[in-house]
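The values are calculated or read from the model by the stated rules, or taken from the named source; none is laboratory data. If you're wondering where the values come from, they're calculated on a predicted model, not measured in any experiment. Note: ideal-geometry Cβ built from the backbone for every residue, glycine included; neighbour counts use all protein chains shown.
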Amino acid sequence: MDFFENINIPKIVEHISTSKTKEIKKYIFLIQNLQTVNLESNRAYQKTFNGFYRVRRDTAWQQIYYAMFEEEKKRVPSFERIICEIWNKTGRIEPSFSSKMVATINPNMPVWDKYVLQNLHYKLEGTGELRLKNAIALYDKMIKFYINLLQTDEALRAIKIFDQALNDYAWITPTKKIDLILWQARDN
């Protein structure tokens, strides 16, 4: 099966290279400054993260999130631990923002995004604890999908196209390159 058969990778990568380099620079700022700033108090970092990942939560939620983020960056991130802690502290099940914390700390991990989920034909169902358990299982499924996909010729070809068009960003992890391509493929 050709996962990318309905995705025009050269066109998407061209779009990324002509109109999304500002966004890539925000991502680089986030990765490069992660360990050098206090995420709980550094408003410049928070503002960039909020803009890049479209965080639209109130100040109280953000205070909890960035305090957790500061602690989480000191260890191997766990999606399950993060999503459960956010739920316990805010009452919200936040798979997307949990994955964004994980993927910022470990750029080899995928980002949960509605457009990426749409392209993978995944759907989160349930409410309350069932939704929480389903989110954890779905993220595990996403990780396995990425592991398998990144071993295929089609993914290697997509990454090669990305690297040729965006040579300055060739060092970005293969997972992030695929994330960017899938995110941009939302209009396909």
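Which condition number in (1) within 16 Å of the chain's Cα centre (by Cα); (2) at pLDDT 95 or above; (3) in a helix (DSSP H, G or I) is the one that PHE52 fails?
(2)
Does LYS11 qualify as being modelled with pLDDT under 95, surrounded by 14 or more Cβ atoms within 10 Å (Cβ to Cβ), within 30 Å of ILE161 (Cβ to Cβ) and over 15 Å from the mean Cα position of the chain (by Cα)? Please lay out each step first, then the result.
Values: modelled with pLDDT under 95: yes; surrounded by 14 or more Cβ atoms within 10 Å (Cβ to Cβ): no; within 30 Å of ILE161 (Cβ to Cβ): yes; over 15 Å from the mean Cα position of the chain (by Cα): yes.
No.
Answer yes or no: is there a residue in segment 43-58 that is surrounded by fewer than 16 Cβ atoms within 10 Å (Cβ to Cβ), touching a helix residue (DSSP H, G or I) at 6+ places or on another chain (Cβ under 6 Å) and on the phi < 0 side of the Ramachandran plot.
Taking every residue of segment 43-58 in turn, none turns out to be surrounded by fewer than 16 Cβ atoms within 10 Å (Cβ to Cβ), touching a helix residue (DSSP H, G or I) at 6+ places or on another chain (Cβ under 6 Å) and on the phi < 0 side of the Ramachandran plot.
If you scan segment 157-188, which residues turn out to be touching a Leu at 6+ places or on another chain (Cβ under 9 Å) and either charged (D, E, K, R) or loosely packed, with under 13 Cβ neighbours inside 10 Å (or both)?
LYS177 - this is the single residue of segment 157-188 that is touching a Leu at 6+ places or on another chain (Cβ under 9 Å) and either charged (D, E, K, R) or loosely packed, with under 13 Cβ neighbours inside 10 Å (or both).
Looking at segment 135-164 only, could you name the residues that are modelled with pLDDT of 95 or more and in contact with an Asp or Glu (Cβ under 7 Å, 6 or more places away or on another chain)?
ILE136
Taking LEU30 as the residue in question, decide whether it is buried (at least 16 other Cβ atoms within 10 Å of the Cβ), farther than 19 Å from TRP112 by Cα, modelled with pLDDT of 95 or more and not hydroxyl-bearing (Ser, Thr, Tyr). Walk me through it before giving the result.
Numbers: buried (at least 16 other Cβ atoms within 10 Å of the Cβ): yes; farther than 19 Å from TRP112 by Cα: no; modelled with pLDDT of 95 or more: yes; not hydroxyl-bearing (Ser, Thr, Tyr): yes.
The answer is no for LEU30.
In the list THR152, THR104, which residue meets the criterion of being crowded, with 17+ Cβ neighbours inside 10 Å and among the β-branched types (Val, Ile, Thr)?
On the way: THR152 fails: crowded, with 17+ Cβ neighbours inside 10 Å.
Only one candidate passes the filter, namely THR104.
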